[in-house]
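Q: I have a structure here, written as structure tokens, and I will follow up with some questions on it.
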């Protein structure tokens, strides 16, 4: 089983929030990071490859993928847009951008890293989901649509990857996190109990290191996995 030292890990939405928390923990464990976001990371990335890109733009995403230095062992697609508003107010542009970041970029990135993972006999595809990928919520038509699509997409990749040692799973935080997204959208009761997202990073490390194929095709809970202390 591969450890993180020497693994090449591609993380989207890596500038701040959960992506930054994962990136910092992975870097400390020796991972070789590729970080994608619209803005430069707000943390010391060391020797990571940083690619600034708007993942809502398919052409820009394709150009960013072409800039990746070599194959990736693990993909963590964390980037997302959450802009709550009632259906009457949702513009087509916002709806499309939300789906583009959530599922179109997931497709482009997975398709890009797949051949290398297949050639090397394995890899891990980790897609950050949420309760919005399981349930419906008022004022979240676009976000829920994107997360529900991501759930189905991951299940299909799990089936295709089984013969090649490629694990595909979704993972929900399982705990309120203190991120820029949550600052803008969480009610006071959740803000009262939110945690630093780096506390969830051990769950992602456990998946990337172990590549336990029994986890493939499943929706996992990052908080529960991190609390098990095996990450």
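Q: Can you give the Kirkwood hydrodynamic radius of the stretch 11-55 from its Cα pairs, in Å with one decimal?
A: Values: mean 1/r = 0.0996 Å⁻¹.
Every distinct Cα pair counted, the radius reaches 10.0 Å.
Q: How long are the semi-axes of the ellipsoid equivalent to the stretch 101-177, from square roots of 5 times the Cα gyration tensor eigenvalues, in whole Å, largest first?
A: Values: eigenvalues 131, 30, 19 Å².
So the three semi-axes of the stretch 101-177 are 26, 12, 10 Å.
Q: Could you work out the per residue convex hull volume over the alpha carbons of the stretch 76-116, in cubic angstrom? Intermediate values should be presented prior to the final figure.
A: Working: hull volume 2.2 nm³, N = 41.
Spread over its residues, the Cα hull of the stretch 76-116 gives 52 Å³ apiece.
Q: Label points 7 Å out from Cα along the Cβ direction at residue 164 and residue 28: separation in nm?
A: Between residue 164 and residue 28, the simple spin-label model gives 3.4 nm.
Q: Please report the spacing between the Cα centers of the stretch 9-40 and the stretch 153-191 in Å, no decimals.
A: Taking the Cα centre of the stretch 153-191 as reference, the centre of the stretch 9-40 is 15 Å away.
Q: Before rounding to the nearest 500, sum -39500 (n - 2.57) across all DSSP H runs of length at least 4 in the chain and divide by the residue total; then give [θ] at 222 nm in deg cm²/dmol. It would help to have the intermediate numbers written out before the result.
A: Numbers: 9 runs with 92 residues, N = 231.
For the chain, the value works out to -12000 deg cm²/dmol.
Q: So what's the angle, to the nearest 10 degrees on a 0 to 90 scale, between helix 201-210 and the longest Cα principal axis of the chain?
A: The angle comes out at about 40 degrees.
Q: Test of understanding: ordering 117, 181, 213, 36 by Cβ neighbours within 10 Å, fewest first, what list do you get? Don't jump to the answer; show the numbers that get you there.
A: Numbers: 117 23, 181 17, 213 14, 36 29.
Neighbour counts put them in this order, fewest first: 213, 181, 117, 36.
Q: Next up: From the mean inverse distance of alpha carbon pairs (Kirkwood) and the Cα radius of gyration, derive Rg over Rh for the stretch 137-208.
A: Working: Rg = 15.2 Å, Rh = 14.5 Å.
On the Cα set of the stretch 137-208, Rg over Rh gives 1.06.
Q: Write down the Kirkwood hydrodynamic radius of the stretch 51-102, to one decimal in angstroms, obtained as one divided by the mean of 1/r over all alpha carbon pairs.
A: Details: mean 1/r = 0.0788 Å⁻¹.
Taking every pair of different Cα atoms in the stretch 51-102, averaging 1/r and inverting gives 12.7 Å.
Q: Looking only at the chain, where both bridge partners belong to it, what percent of the DSSP beta bridges are antiparallel (to the nearest 5)?
A: About 0 percent, rounded to the nearest 5.
Q: Here's something else I'd like to know. In nm, what is the difference between 0.36 nm times the number of residues separating residue 60 and residue 221 and their Cα-Cα distance? Spell out each step's value before the answer.
A: On the way: separation 161, 0.36 × 161 = 57.96 nm, distance 3.15 nm.
This chain segment gains 54.8 nm when fully extended.
Q: Right, here's the next one. State the three equivalent ellipsoid semi-axes of the chain, derived from the C-alpha gyration tensor as the square roots of 5 times its eigenvalues, in descending order and whole Å. Don't skip to the answer; put the middle values down first.
A: On the way: eigenvalues 125, 79, 65 Å².
Sorted largest first and rounded, they come to 25, 20, 18 Å.
Q: For the chain, take the longest principal axis of its alpha carbons; what is the angle in degrees between that and the long axis of helix 105-120, to the nearest 10 within 0 to 90?
A: Between helix and principal axis, roughly 10 degrees.
Q: Then there's this: Using every pair of alpha-carbon atoms in the stretch 1-121, split the distances into 5 Å bins beginning at 0 and state the percent of pairs per bin, rounded to integers.
A: 2, 11, 22, 22, 19, 12, 6, 3, 2, 1
Read-outs throughout are calculated quantities, based only on the coordinates presented, and are distinct from any laboratory measurement. Not measured: the values here are computed from a predicted model. As a convention, Cβ positions derive from the backbone with ideal geometry for all residues, glycine included, and neighbour counts pool all protein chains shown.
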